[in-house]
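Okay, so here's the structure we're looking at.
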Amino acid sequence: MTTTEKKLLLIDGSSIAFRAFFALYTQIDRFVAPSGLHTNAIFAFHTMLGNVLEAVQPTHVLVAFDAGKTTFRTEMYAEYKGGRAKTPDEFREQMPFIKEMLEAQGIRHYELVNYEADDIIGTLATQAEKSGFDKITVVSGDRDLTQLTTEKTTVEITIKGVAELETYTPAYLYEKLGLTTEQFIDLKALMGDKSDNIPGVTKVGEKTGIKLLLEHGSLDGIYDHVDDMKTSKLKENLINDREQAFLSRELATIDLDSPIEISLADTLYAGSDYDKLKAFYKEMGFHKFLENLEGATEKVVEAIEFKIVAENLSDDMFHDDQFFYLEILGEDYHRDNIIGFTWGDEKQIYVSKNVALLSDVRFPKNTFDFKKNKVLLARQGINYPVVDFDSMLAKYLYSTIENNKISTIADLFGFELPDDELIYGKGAKRAVPEDAILFDHLARKLDVLVKTKTPLLDKLRENDQEDLLDRIELPLADVLAKMEITGIKVSGGVLSEIGLENEQVLKGLTEEIYELAGEPFNINSPKQLGVILFEKMGLPVIKKTKTGYSTAVDVLEQLAPQAPIVDKILKYRQISKIQSTYVTGLLGEIMSDGKIHTRYVQDLTQTGRLSSVQPNLQNIPVRLPEGRKIRKAFLPENEDSVLLSSDYSQIELRVLAHISGDEHLISAFNEGADIHTSTAMRVFGIDKPEDVTANDRRNAKAVNFGVVYGISDFGLSNNLGISRKAAKTYIDTYFERYPDIKKYMEDIVRSAKDTGFVETLYHRRRNLPDINARNFSVRSFAERTAINSPIQGSAADILKVAMINLDRALIAGQYKSKMLLQVHDEIVLDVPNDELAVMQTLVKKTMEEAISLSVPLLVDENNGKTWYDAK
DNA sequence: TGAGTCACG
DNA sequence: ACGTACGTGACTCAA
């Protein structure tokens, strides 16, 4: 190969992008950038481009795009390319980024008003042939471009997605169709093209077209001899559609002399721009490409400067504007030990692993995960006062889709930070590295925190979320830290007692089940259970899962009347659940102080709720008496105090009443009516509350739940065990009687489709990248989410506000009462007996006044010597 | 590690 | 026709 060889690569960008989109369409949900943008077309386009560049090794490259709907062809024939389905939004939004990608790769792209990509390509290919290029390669998803093939020009057409290409040369075209390239255009004139809406000649398809062309040489040849043809329907059609045939030829012919303002010299390919491409890959979340890029260039990682502090802190090492961050190896900050810490700003970064120094730290006002840091310091006996900024929480508010690790924040804003796994290892291999590596990693983390504060704040400002961070999440982190540090006393003795009883019951049930089954098997294995029930015993299969028979509760409940074993299994499952998760599980979480210290995860849920882990104290049994007994183990701090449990009544429906403004729902709440009874009256047309039966109320309650979740007839019918049709009638009547609820749902979905997100009363945001998805079920899910998230999220916000206000009131009044738990709409406090009366008033009032809505908030309270008794 | 199941709001 | 209620976490089994 000589270096002087000139090779031009011309790509039909519009057609390749479209093919690329559908090539990975089934996996569209896997290709989502951090911003929520779909990237399937960008990704597939990138792959195709890489393959072609590798194969062709071009000296010059251009990607041509169609400029718009109207072209000189639509002037000739208004219906040209008419009747095409609207391009999907998920596709259109990717186009600008494909162009951005080309720019980063150092590839020119071009479009020309009134012309299609084909014409640009045809014109440049012709120019290149004349000006001494050695080889020209055209790539498209559109077979029409094969008309451009010559001795020097080959045309590559994508087949099946964009990974494989079919190479058209004049010889190949002849071999395949028996036609020359000129005849190929004439063939299209005769056949027409459904996708471009080119009419052609009636009833002439590929076979007839080829036959005619082989016989007469060309379209002109055909029409020169049309009068000599023997009478036939074909002859008649040819004559009738003569004008149309020639018009079709004109439409199908690529313009080889279009007025392009770009020259061959402009298409010189210099290779990609490393920094731009890197930034682009990050923006798209293309981690593999990023690694390859960085690996390929063997980029030297820039050194980072920091000062190691072994002992003696001085005041001049600290000021408020710095960040401060403590490192542990795992997630469990109640048990894991500090392995190092770092603080500093853009001028100076400090690192240390001398934990003894922490008592002399003058804490800066910025951190990452305040709550974790506060708990870790509290374990050293150090108080960490609330800060001004927490990068973890800021990132969570900005976007809930990804996790909120420092490395994720680095990625998001184009900075480098190795993942913790790379430095510390994972699983059994996780360990503290040697000092040099640890310190370097800590310094890099701090550096990222310093550099990303401003961009994070900018994002929050853009989204009007500064108050949400400053007035809710940050102060809440402090409240939660205190709750976690306090912990809740749990009696191991009570749990063990329940455990012993359960053991006996399980033992008995196991024997009975083996007896009824005729053999022993693992009752905990859905697979083995399925074999026993559905194969050995021949019970009817009601539902299947991906892997086999479903043995879920609703299925077993339906089977119960048919075989006595089923009830035993249900009972076994119930007790076994209590035993493993709540007896054994909780016993293992009681720490040496006799308490359980859960972790509230503040940066996880898509709606703004908290979650609780290690252990989860937000799902302690309550509905069934056997499980509810577990709550007898949850105790107040000492003999002289009680647990006070306060929960919002119907907070989600009240929020819905407020944001929808529905007058009927609002007045029901204002009148203090039982909301499900009230719904039953309106929907079922019952005049007096006393005429509402228990069943009516139950049905109305299910409808109310459904409304909050983004109702569907299927979901409701499933829940109520009624027909889909009956469920639909319920829903229709409901919407008729509560028109503003219907309107809220329509409005919020429409707004989500426009903006791509929904938000709560306090501007907490949830991005909904799937809201305009093509796939019905993917889209429907996003629509229900759009309805539910502002409701669930606003309710979560309100309880957070209440907790913050209550914390302040407790401090202001110097009370000894302490918040212990939060369960989504409930707060549990430890209250000394002598404060009970005042707390009953204070907690209720604080929760009810957390926010002023167009309906009152109502709080129910209970107290007792255990959590079981406080209900 | 993913699927199935089930505990909570 | 499509195939579902919204949000979580822990445990067990079976690869």
Taking the Cα centroid of segment A:106-149 and of segment A:792-871, what is the distance between the two, rounded to the nearest whole Å? 71 Å
Of A:277, A:870, A:617, farthest towards positive along the dipole that unit charges on Lys, Arg, Asp, Glu beta carbons give chain A: A:870
Residues whose placed amide H lies under 5 Å from that of residue A:601, excluding near-sequence neighbours: A:611, A:612, A:613
HN-Hα J couplings of segment A:5-18 from phi, Karplus 6.51/-1.76/1.60, θ = phi - 60°, integer Hz, Gly and Pro as x? 4, 9, 10, 9, 10, 10, 10, 7, x, 4, 6, 5, 4, 5
Could you let me know the centre-to-centre spacing of segment A:54-98 and segment A:489-545, using Cα atoms, in angstrom? 62 Å
Helical mean residue ellipticity (222 nm; -39500 (n - 2.57) per DSSP H run of 4+; nearest 500) of chain A: -14000 deg cm²/dmol
Among residues other than residue A:383 whose Cβ falls under 13 Å from its Cβ, what is the net charge (Lys/Arg +1, Asp/Glu -1)? +3
Report, to the nearest 10°, how far helix A:564-577 tilts away from the longest principal axis of the Cα atoms in chain A, using its own Cα long axis and a range of 0 to 90°. 80 degrees
Protection proxy ranking, peptides A:657-667, A:549-559, average beta carbon neighbours within 10 Å, highest first: A:657-667, A:549-559
Round to the nearest 10 and give me the degree value, 0 to 90, for the angle of helix A:651-660's Cα axis relative to the longest principal axis of chain A. 40 degrees
Long-range amide H contacts for residue A:757: which residues qualify at under 5 Å (H placed 1.01 Å from N, peptide plane, sequence gap of 5 or more or a different chain)? A:768
Extending each Cα 7 Å along its Cβ direction at residue A:268 and residue A:733, get the distance between those two points in nm, one decimal. 7.9 nm
If amide H atoms are built 1.01 Å from N in the plane of the peptide, which residues on other chains or at least 5 residues away come under 5 Å of the amide H of residue A:32? A:39
Burial-style ranking of A:422-435, A:213-226, average other-beta-carbon count within 10 Å with highest first, yields A:213-226, A:422-435
Residue A:653 neighbourhood, Cβ < 12 Å, K/R = +1, D/E = -1, net charge -2
Overall form of segment A:307-487 per C-alpha gyration tensor (a/c, 1.5; a/b vs b/c): rounded
Taking Cα atoms, how many degrees apart are the long axis of helix A:724-737 and the longest axis of chain A, rounded to 10 and kept between 0 and 90? 80 degrees
Prolate/oblate/rounded label for chain A (Cα gyration tensor, a/c 1.5): prolate
In the neighbourhood of residue A:690 defined by beta carbon distances under 14 Å, the net charge of the other residues (Lys, Arg +1; Asp, Glu -1) is -2
Going down the table (A:742/A:845; A:6/A:188; A:426/A:451; A:347/A:372), which pairs top 30 Å between alpha carbons? A:742/A:845; A:6/A:188
Pairs of Cα atoms under 8 Å, at least six residues apart: use those to get the relative contact order of segment A:307-487, whole percent. 25 percent
Residue by residue through segment A:531-547, the couplings from Karplus 6.51 cos²θ - 1.76 cosθ + 1.60 with θ = phi - 60°, in Hz, x for Gly and Pro, are 4, 4, 5, 9, 9, 5, 8, x, 5, x, 7, 8, 9, 10, 10, 3, 9
Pop out the ³J(HN,Hα) list for segment A:286-291 in order, Karplus 6.51 cos²θ - 1.76 cosθ + 1.60 with θ = phi - 60°, rounded to Hz; leave Gly and Pro as x. 8, 5, 4, 4, 4, 4
Taking alpha-carbon centroids only, segment A:653-716 lies from segment A:600-648 a number of Å equal to 28 Å
Calculate the dipole size of chain A relative to its Cα centre from +1 charges on Lys and Arg beta carbons and -1 charges on Asp and Glu beta carbons; express the result in debye to the nearest 20. 2440 debye
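Coordinate-derived values only; no laboratory data. Everything numeric here is computed off the predicted structure, so don't read it as measured data. In this analysis, Cβ positions are derived from the backbone assuming ideal geometry, glycine residues included, and neighbour counts consider all displayed protein chains.
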